[in-house]
Amino acid sequence: MAFEWAKENGDCTFKARSLNGTFTGKPGVFFGLCLDRADPENMRDFFYDHEFGGLEYDSRNNVIRDECTEFCLENAKDGLNLKHLSYTWRPYDPKNADESEGMCRCIQTLHFVKIHFGSISGYLL
């Protein structure tokens, strides 16, 4: 889930469950992604079936889905602001729900979100 808030008129637009597109800068408009890290069932602390893209600081093939976050944290370069870093993990075969290995990308600057079934994305902190 996401929202877009315009400072000038106070309009807040809720974005649908699925995001697919590029972020474009608009003066006085803020874009936010909604996560719930305190969710006891861990169902709302990731973006399921959505892939983040943008300026990458590292990536690796053959990474286990649950190890992508750790890989990106361990490979964060000195000077990067961890609060803004994100990751995305994409399976090789999105039709195979049991696939646990795939491509892990560590994102320094988020530019877009696209739908890709089987993917997970989130923020490192």
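Every number in this text was worked out from the coordinates using simple rules, so none of it is lab data. Since this is a predicted model, take the numbers as computed values, not measurements. Note that each Cβ is placed from the backbone with ideal geometry, even for glycine, and that neighbours are counted across all protein chains shown.
List, in order, the whole-Hz ³J(HN,Hα) value for each residue of segment 72-80 obtained from phi through the Karplus relation with A = 6.51, B = -1.76, C = 1.60 and θ = phi - 60°; use x for Gly and Pro.
These are the phi-based 3J(HN,Hα) values: 5, 5, 5, 9, 5, 6, 4, x, 6 Hz.
Under a 5 Å amide H to amide H cut-off, with H placed in plane at 1.01 Å, what residues pair with Leu110 once short-range neighbours are removed?
Residues meeting the amide H criterion: none.
If you take the C-alpha gyration tensor of segment 55-125, multiply each eigenvalue by 5 and take the square root, what semi-axes do you get, largest first, in whole Å?
Taking √(5λ) for each Cα gyration eigenvalue gives 21, 13, 9 Å.
Among His116, His111, what is the fewest-to-most ranking by other Cβ atoms within 10 Å?
Listed from fewest to most nearby Cβ atoms, that is His111, His116.
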